[in-house]
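What follows is a single structure, written as structure tokens, with notes after it.
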Amino acid sequence: MKNYTIALLAGDGIGPEIMHEAVKIFRLIEERNDVTFTLIEADFGAAAYFKCGHPFPDETKAICDEADAIIKGPIGLSHEESKKIPIDMQPERGALLPLRRRYNTFANFRPVSLPKALAHFSPLKPEIIGEGIDLVMVRELVGGLYFGDKEVGVNEKGLRYVKETLEYDEEQICRIMHEALRLSMRRKKVLHNIHKSNVLKSSVLWNEVLEEVAVEYPEVEIKHILVDAAATQLCLNPGQFDVMVMENMFGDILSDQGGGILGSLGLMPSACKGPEKSYYEPSHGSAPDIAGQNIANPYSMIGSVAMMLEDSFGMVEESKNVWTAMQSVFADGYSTPDLSKPGSGVKMIKTAEFGDKVVAALRAMPAVV
Ligand code: NAD
């Protein structure tokens, strides 16, 4: 029997609610397979700051260091609430970026997927959706503006100023390109490179390195597209994309747009891969506007479990079963309120009911032997 230790960081806002549903899935996977999961809860984010004085306490670091993988809920507070925390202790700066840096989780995979049968969830017209949406955004996660040196002060004119640095070296670009190209080889062998080389020199180097690395993958067709044009094309013709590779900030923004074209950020799970450890999280934030109401969509969190099963533990078939179980809840006509607006014909259920229905659907499937 295999045992995996998983650090469980529930986070803020809707985090604990959707993590609760993820735990149900871990427990059922144990019942169905020759595996046990030791789930160790740890404080992380704003809640950790208020409880322990730091958003990424040393105890949490130790738990994550020992874990085989990490599952993380969203963190953060509303704009107003954030002001209660000193700027460097705010959840992203004080916890999320340090987590990414600690495990060097440079490759972030964000599937943007909606089968044709669920096209009604999308705000896009059926003729634009065509056969459905199925693409993966590959986002560089530990470089660029978010990690560069920062300077804040008053300049010689007496004006407040800020300076933030966007830095990449060729090795950082090279490794993310290999990830994106390898993924393209497993999919349709078309890679869209998202850049801004008409303005940014970082994009010029980005493109140069891609051309060098792509030589090793001659079967993959590379298509270059400026990030602003890519934003438009995601709305007008998402079917042209299969794998998209982009730097950190572009990926942060475009992947939220990905959630938008699906109809909800609640459909956006992700995997953040480092050389030795990976962590898994929904792409979205803590949704303070709906927290505490048991109405958040747990698909993103359960999907992150499915990604962990496949990527960290090699449980490929069981991971597929989890995706199928989630899709079957939608196919039966149910969803949380983000995707069951009045008049949509979709039956509205709560977060916990969604989780229970996924559990029931998965339980009904033959176990993988
Ligand atoms: P958000 O992603 O939390 O919410 C945007 C909108 O999407 C809201 O209307 C919300 O209700 C909805 N939404 C998000 N997830 C949903 C789900 N699972 N089900 C149903 N609806 C969902 O973005 P925001 O409001 O701009 O940010 C809130 C906080 O989250 C901020 O503090 C921000 O910094 C933080 N944040 C954290 C992460 C992370 O932990 N990785 C990522 C993005 C934002």
>> For residue 341, give me every one of the lysines with a C-alpha distance below 27 angstrom, ignoring sequence neighbours fewer than eight places off in its own chain.
In response: 24, 116, 125, 350, 357
> In whole percent, how big is the carbon plus sulfur part of the accessible area of the chain, probe 1.4 Å, protein atoms only?
Replying inline: 53 percent
> Measuring from a point 7 Å past the Cα of residue 229 along Cα-to-C-beta, which residues in segment 190-216 have an amide N at less than 12 Å?
Replying inline: 193-198
>> Taking every DSSP beta bridge with both residues inside the chain, roughly what % is antiparallel (nearest 5)?
In response: 40 percent
>> Are there any GluC sites (Glu not before Pro) in segment 231-330 that are in a DSSP loop and have at most 10 other Cβ atoms within 10 Å? List them by number.
In response: 276
> Taking the convex hull of the alpha carbon atoms in segment 116-263, what volume per residue do you get, in Å³?
Replying inline: 127 Å³
> Given the Cα-Cα distance of residue 80 and residue 117 and 0.36 nm per residue of separation, how much length would full extension add, in nm?
Replying inline: 9.4 nm
> Over segment 227-347, one equal point on each Cα, no solvent: what is log10 I(q)/I(0) by the Debye formula at q = 0.22 Å⁻¹?
Replying inline: -1.40
> Extent of segment 23-156 along each principal axis, from alpha carbon coordinates, in Å, largest to smallest?
Replying inline: 56, 51, 28
> For residue 276 and residue 167 in the same chain, what is the full-extension length gain: residue separation times 0.36 nm, less their Cα-Cα distance, in nm?
Replying inline: 36.9 nm
> Rounded, prolate or oblate: which fits segment 114-160 when a ≥ b ≥ c are the square roots of the eigenvalues of the alpha-carbon gyration tensor, with rounded for a/c under 1.5 and prolate only if a/b beats b/c?
Replying inline: prolate
>> Run the helix sum for the chain: -39,500 (n - 2.57) per DSSP H stretch of 4+ residues, divided by residue count, reported at 222 nm to the nearest 500 deg cm²/dmol.
In response: -12000 deg cm²/dmol
> Given Cα pairs under 8 Å that are at least 6 residues apart, what percent is the relative contact order of the chain?
Replying inline: 20 percent
> When each pair of different Cα atoms in the chain is counted once in the 1/r mean, what is the Kirkwood radius in angstroms, to one decimal?
Replying inline: 21.3 Å
> Given labels modelled 7 Å from the Cα in the Cβ direction, how far is it in nm from residue 237 to residue 157?
Replying inline: 4.4 nm
>> Let's see if you can work this out: charge +1 on each Lys and Arg Cβ, -1 on each Asp and Glu Cβ, no other charges. What is the dipole magnitude of the chain about its Cα centre, in debye to the nearest 20?
In response: 720 debye
>> What distance in nm separates the two pseudo spin-label positions at residue 256 and residue 316, each 7 Å out from Cα along the beta-carbon direction?
In response: 3.6 nm
>> Keeping every protein chain present and rolling a 1.4 Å probe, give me the accessible area per residue for segment 116-263 in Å².
In response: 51 Å²
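The values are calculated or read from the model by the stated rules, or taken from the named source; none is laboratory data. Predicted model only: the values in this text are computed from it and were never measured. For neighbour counting, all protein chains shown are included, and Cβ atoms are generated from backbone atoms with ideal geometry for every residue, glycine included. Surface accessibility is based on the protein's heavy atoms, side chains included, excluding ligands, DNA and RNA. Shrake-Rupley method; radii C 1.70, N 1.55, O 1.52, S 1.80 Å.
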